[in-house]
1. Would you check if there is a residue in the range 79-92 being surrounded by 13 or more Cβ atoms within 10 Å (Cβ to Cβ), out of contact with any strand residue (DSSP E or B) (no Cβ under 6 Å at 6 or more places or on another chain) and modelled with pLDDT under 95?
2. Can you confirm whether Leu158 is surrounded by 15 or more Cβ atoms within 10 Å (Cβ to Cβ), of a type in the set (A, V, I, L, M, F, W, C) and over 19 Å from Gly96 (Cα atoms)?
3. Looking at the range 103-115, is at least one residue part of a strand (DSSP E or B) and among the charged types (D, E, K, R)?
4. Kindly check whether there is at least one residue in the range 115-134 that is at pLDDT below 95 and of a type in the set (D, E, K, R).
5. Residue under question is Lys70, and the condition is that it be assigned to a strand (DSSP E or B), surrounded by 15 or more Cβ atoms within 10 Å (Cβ to Cβ) and at pLDDT 50 or above; does it hold?
6. Between Thr122, Thr128, which is in contact (Cβ under 8 Å) with a residue 12 or more places away in the chain, surrounded by 15 or more Cβ atoms within 10 Å (Cβ to Cβ) and not small (Gly, Ala, Ser)?
7. Identify, from the list Gly96, Gly139, Gly143, the residue that is modelled with pLDDT of 95 or more, of a type outside the set (Val, Ile, Thr), in the same structural domain as Leu63 (by TED's automatic domain parsing) and farther than 18 Å from Val52 by Cα.
8. Can you run down the residue pairs with Cβ atoms below 7 Å, 6 or more apart or on separate chains, where the first is in the range 131-152 and more than 12 Å from Leu121 (Cα to Cα) and the partner is aromatic (Phe, Trp, Tyr) and surrounded by 12 or more Cβ atoms within 10 Å (Cβ to Cβ)?
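The values are calculated or read from the model by the stated rules, or taken from the named source; none is laboratory data. All of these numbers come straight from a predicted model, not from anything done at the bench. Don't worry about glycine lacking a Cβ; one is built from the backbone with ideal geometry, like all the others, and counts go over all protein chains shown.
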Amino acid sequence: MYKKMGTLVITGALAISLAGCSDTEETAKKVSNDTKTEQTTEKKEEKKKFKVGETIKLGNHKLTVTNVEKSPGGEFDKPKEGHEFLIANVTIENGGKEEIHYNAHDFSLQNSEGNIVDPTLTMINQDTQLNFGKLAQNGKITGTIAFESKQGDPKLQLIFKPISLSEEEVRVNLQ
């Protein structure tokens, strides 16, 4: 008897919860709100594009891409045919009161075809390569990050998206 009552109660609760999920009016409102959110996000992204030499504040991170160099590679370390190494020199500062983490994998590169790539492991910048660590309040580090890209690509963007701020990013036009 108690098993039958328990089954009826569970079945009734399940039916009520499923009926509440099928409200099409709510779904239509969410789509409308999502569209507005997408438009707002696009506007924010437009404001988050910068140039080499500008200091950018994102959370407690202050980022400056000081310069960008291109390299055909060395004797033992060459990019693919038709490609070159792009080496971005960056400075990261802690503009907050708490420690922040930094990592070369906070960066990626988008080319003119929309392909986004992670940093390349190469010996070209081994003496200046940005590794990973922490910065105390007012701490500062400078290092380089290497990427492989097509030679002469006219529309390269360095993307900075710290893992600790996973939803936020800034883009630096490298032309």
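1. no
2. Values: surrounded by 15 or more Cβ atoms within 10 Å (Cβ to Cβ): yes; of a type in the set (A, V, I, L, M, F, W, C): yes; over 19 Å from Gly96 (Cα atoms): yes.
Taking the combined requirement at face value, the residue satisfies it.
3. So the first thing to find is which residues in the range 103-115 are part of a strand (DSSP E or B), and the list is 103, 107-110.
Restricting the remaining residues to those that are among the charged types (D, E, K, R) gives none.
No: the range 103-115 contains no residue that is part of a strand (DSSP E or B) and among the charged types (D, E, K, R).
4. yes
5. Numbers: assigned to a strand (DSSP E or B): yes; surrounded by 15 or more Cβ atoms within 10 Å (Cβ to Cβ): no; at pLDDT 50 or above: yes.
Against the criterion (assigned to a strand (DSSP E or B), surrounded by 15 or more Cβ atoms within 10 Å (Cβ to Cβ) and at pLDDT 50 or above), Lys70 does not qualify.
6. Working: Thr128 fails: surrounded by 15 or more Cβ atoms within 10 Å (Cβ to Cβ).
Only one candidate qualifies: Thr122.
7. Working: Gly96 fails: modelled with pLDDT of 95 or more; Gly143 fails: farther than 18 Å from Val52 by Cα.
That would be Gly139, the only listed residue that is modelled with pLDDT of 95 or more, of a type outside the set (Val, Ile, Thr), in the same structural domain as Leu63 (by TED's automatic domain parsing) and farther than 18 Å from Val52 by Cα.
8. Phe132/Tyr102; Gly133/Tyr102; Leu135/Tyr102; Ile141/Tyr102
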